[in-house]
Amino acid sequence: MNTFFQQLKQQFMDVWAKLTRMERILLVTIPSVIFIAILIFVLFSLNPTYKVLYSRLSMSDASNIVAELKKENVPYQLANNGSTILVPASQVYNTRLTLAGMGLPRGGGVGFEIFDHTQFGMTDFTEKVDYLRALQGELERTINSLKEVRSSRVHIVIPHHQLFTENEKPATAAVVIDLKNGYQLTREEVRGVVHLVAASVEGLKPENVTVLDDKGNILSNFIREELALNGKGSSDMLGGGDSILTRQAIVSLRQMEVQQQYEDMLQNKINRMLDRVLGNKRFVVSVSAQLNFSKKETDSETYRPVVDGMGIPRSQEVEKEQYLGNGPYPNNFVGGVPGTQSNIPGYQAALTGQNSQYSKEKTITNYEINRTVRHEVSAPGTPKVISVGIFVDDLQPQQVPAIKAAVIAAAGLDLNRGDQVDVENMPFDNTRSLMAMKEQEMATQQAFYFTLGKIALLFLVGVGLLLFLRSLLKTKKTKEYMPIPEDLGEPEAPMPMVEDLLTPEMTADDLARMEAAREAKRRESLRKEVFNMAEKNPENIAQIIKKWLSEE
């Protein structure tokens, strides 16, 4: 065994001695890099990736969850001072389902499960405190079920009952809601939270419930305003003797809020329209509206004459008279109708004895009086005057009429009422946007260069590995120098130089023959020397021939 290791060591030392400096560096560096990469991969494989199981937990919920994870032998990690629990990514959903079946997390507070195990000898005060804790915890869990709410805290104050009713104080409650990023509670949701808390506590009125967000803004003020306007608010809420003034202030604030909402609605409508035409960040729209909040009732009564019998008959009287016979008209007709027979003397006598005929018809129609009664009520909040101002960056003059016409149609403006639209060209200051764009481009460029550098590094490592493998697999080309044998015998006498043999009688042909003879003798000497070396050291000769063949 020792001989084997010694031979292995000797072979390694021989190979190491034949390597150049660069090859030695590659031989040490590349295996080290490969070993480190394999080691990192193994470490990451042994240490699984952890993901968030629950975050922003209360201390009680975190403690209960950790206890259950220990029972189930689930590895976990704690972060953010224990309020965040992480588990392996492959076990997140299974663990959540398991904990949900156990009723965890409970939302930060205890619920009515506090009464599952009653203690013997509990005092009345302790029982009331536990009931209040349980009620607050249940309300917190219900409020936390809203998709916009991350967490909440409920504080309820129930005063002690007094002997006299006038000495009793009303119950109050405060709700603090931590909203998720990008979410906001609507008025209906705030109203729902207020009425949920008020309906869950005996004697608690909606106006005595205060809802705040995580920034300290009161969200439930509008409920008090509505109750005050409807006359349902208490004297404390209305300010005692100044209730009329308070109500007027509330009405004014409400009118300003409605006006602001109307302006925002018009502005958003115009923004959506121009955004498709001009592009984003090329225009600015501002809307100012004056609304008429006065309630106006108008009564009008109009009479119109009957024209061409167009009307509704109320009564009609028809009188007809007719006579047919010989002789004069009856006495009741003598002075009858005006005309020749009654006004010309002797005319009637001329008709005596002849056939007489007479008819008369009289119609009297009474019509109803054409009357129109109108009662008009103008609803408050109708627009009185609307003004729209628009600044456009790089606006062309031929675009102004089209933009004005489109805005008038989209916003429902009435120029006869006094509404106006003003469109102006104004170059925008894009310094900040250009700087932000430039920073974004630089960040993108840096990320690109970083990625390119990683690719280049991987490429270089791969090329180096290939070169190293090639150097190991390929037959190494080393320069071998043939040693001069020491036992070649006595050296031959050096050949005389041609210059030493020159005589005045020699010609150029003689010199050429002498040079050829000298060269032939030198070659013969070299041949003999090579043959002698081949007989004494055949291994060296074979290695030299192999080298020549590989170089060919």
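The values are calculated or read from the model by the stated rules, or taken from the named source; none is laboratory data. Owing to the predicted nature of the structure, the values given are computational and were not obtained by experimental measurement. Don't worry about glycine lacking a Cβ; one is built from the backbone with ideal geometry, like all the others, and counts go over all protein chains shown. Calculation scope for accessible area: heavy atoms of the full protein, side chains included, ligands and nucleic acids excluded. Shrake-Rupley method; radii C 1.70, N 1.55, O 1.52, S 1.80 Å.
Surface composition of the stretch 350-459: carbon plus sulfur atoms hold 56% of the accessible area, using a 1.4 angstrom probe and ignoring ligands, DNA and RNA. Under 26 Å between alpha carbons, and skipping anything fewer than 8 positions from LYS384 in its own chain: which lysines qualify? By straight Cα distance, LYS384 reaches LYS269, LYS295, LYS296, LYS404. Straight Cα distances below 26 angstrom link LYS71 to the lysines LYS51, with same-chain residues fewer than 8 positions distant left out. A cut-off under 12 angstrom between Cβ atoms defines the neighbours of ILE218, and their net charge, with Lys, Arg +1 and Asp, Glu -1, is 0. Between LYS296 and GLN255, the modelled labels are 1.4 nm apart [label points 7 Å from Cα along Cα→Cβ]. Rounded to the nearest 10 square angstrom, ILE30 shows an accessible area of 20 square angstrom against a 1.4 Å probe. The calculated FRET efficiency for the pair SER60 and ILE218, based on their C-beta separation and a Förster distance of 25 Å, comes to about 0.30. Here the label points at VAL176 and ARG21, each 7 Å from Cα along the C-beta direction, are separated by 7.0 nm in the simple model. Residues within the reach of a label modelled at ARG417 (point 7 angstrom out along Cα to beta-carbon, backbone nitrogen below 16 Å), restricted to the stretch 281-302, are 287-296. Under 18 Å from a label point set 7 Å out along the Cα-to-Cβ vector of ASP394, the amide N atoms of the stretch 259-292 belong to 274-284. Taking label points 7 Å from Cα along the Cα-to-Cβ direction, ALA79 and LEU457 give a separation of 2.4 nm. A full extension of the chain between TYR449 and THR29 corresponds to an added length of 148.7 nm, given 0.36 nm per residue minus the alpha carbon distance.
Ignoring lysines fewer than eight residues from LYS438 along the same chain, the ones with Cα atoms less than 26 angstrom from its Cα are LYS281, LYS454. With a cut-off of 13 Å between beta carbons, the residues surrounding ALA534 carry a summed charge of 0, where Lys and Arg count +1 and Asp and Glu -1.
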